[in-house]
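Structure first, then comments.
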DNA sequence: AGTTTTCTTGACCCCAGGGTCAACTTATTC
DNA sequence: GAATAAGTTGACCCTGGGGTCAAGAAAACT
């Protein structure tokens, strides 16, 4: 590979990392090329497909962060606490990084690598859930599939509120957690509900401009 | 208005009602015209904007159904039961009719009429919630905004699962309801979780092809 | 039946995104 | 310092959505 090609690839990786993180895995490839200061033809030359770029730029990072979250969740003494930590942490990752959100929601344009991560995430989730259920802390009919589905909707919610009330998703997570807990404790919510003017924006984004 | 124009308007209304109901308020206008057997120019002639068409075709129906749900919810003896009924019923409406789902999620392209419905829905929701809270059946820090946000995500979830497991959203609703209830009762779920092969499809739709 | 008015049509324009490729430029090699 | 291989570019095509409008068709009026 020629030296300038190497440099361009690096610039593209950097631009892609930025944009994926800012706006998710669906950003126009032409825009990535633009930010990298390179023709979009070059992008297609060096990476061929969006998936390849994703694999190189996002997959590793996302896998690491999700892996850490799972590991830490399993290290809790009380399985129930670990369970709650895991859900909150993953949702937080989704909220702060649209790229991770898209990875968790799986199957973008079917990058091999992403599907693998998705599988790992589901396995980890299942392990964490079952551990908490064995400890009697979580209702026994909640499954990994349920959690993934929740992550899927949380990704959309978190993105919709990102510019308006970046923590709004926490309330929904809290409601879910008390719903899943076998102890009836309803801890006070740490975040205020949305004000009516914020609702306009958020609902618009939730249903509108993806 | 000329007789043929009248007929065409009727055909367009019919086609629009069908397509909105099948695929939500964002269906291409050209497709509505096609189904009506009419040029898309005619559609623009007779209705001008998508919003006008929505107002004529969808708004009334949606308002009626949502209104009925709210009314019935308030007619329950036990406020908590009414509350649960309302949430389940609205989610069901969203699941069976993408048009209603879009109405509840508010602000499509800002049809006057839709915003009004959205406001009414929020008011109704608030009333139902407060009644249940007064009866001590629902946690006191849950708000109408929280519920609308939940409806917003449910709309997306219901659409994602529609072709794969049309009742899958019920599990999430059940988790929410037990989380909101002040009684720790966890009733058994009426719907099975998704099987792994179904997850692929659903997660794809949730994040992908809207 | 002829005239006028209203309506319909489909070709046309716009934009944004994905993707390709011949012609050009630049690094590397000898 | 050529010759050659490797890489880059941007004009170009395609798709699918929104939207307009001159010309032609059809209803309504007299």
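The values are calculated or read from the model by the stated rules, or taken from the named source; none is laboratory data. The structure displayed is predicted, hence computed values, not measured ones. Here the Cβ is made from the backbone with ideal geometry for all residues, glycine too, and neighbour counts use every protein chain on show.
Matching residues to (1) surrounded by fewer than 20 Cβ atoms within 10 Å (Cβ to Cβ); (2) within 8 Å of DNA strand D (Cβ to nearest atom); (3) away from chain A (no Cβ under 14 Å):
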| site | (1), (2), (3) |
| --- | --- |
| B:2 | yes, yes, yes |
| B:8 | no, no, yes |
| B:12 | no, no, yes |
| B:18 | yes, no, yes |
| B:22 | yes, no, yes |
| B:26 | yes, yes, no |
| B:49 | yes, yes, yes |
| B:55 | yes, no, yes |
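Listed by position, the helices (runs of 4 or more DSSP H) contained in the range A:69-158 that have at least 2 residues being within 11 Å of another protein chain (Cβ to nearest Cβ) and either in contact with a strand residue (DSSP E or B) (Cβ under 8 Å, 6 or more places away or on another chain) or farther than 25 Å from residue A:186 by Cα (or both) are A:98-104, A:112-134.
Within the range B:182-202, is there a residue that is in contact with a strand residue (DSSP E or B) (Cβ under 7 Å, 6 or more places away or on another chain), at pLDDT below 90 and facing chain A (nearest Cβ under 9 Å)? Yes, that holds for at least one residue. Exactly one residue among A:73, A:36, A:69, A:59 is modelled with pLDDT under 95 and in contact with a helix residue (DSSP H, G or I) (Cβ under 9 Å, 6 or more places away or on another chain), and that residue is A:59.
None of B:66, B:61 is at negative phi, more than 10 Å from DNA strand D (Cβ to nearest atom) and surrounded by fewer than 20 Cβ atoms within 10 Å (Cβ to Cβ) except B:61. Within the range B:15-60, the set of residues being under 20 Å from residue B:158 (Cα atoms), assigned to a helix (DSSP H, G or I) and touching a residue at least 24 places away in the same chain (Cβ under 8 Å) comprises B:17, B:20, B:21, B:22, B:23, B:58.
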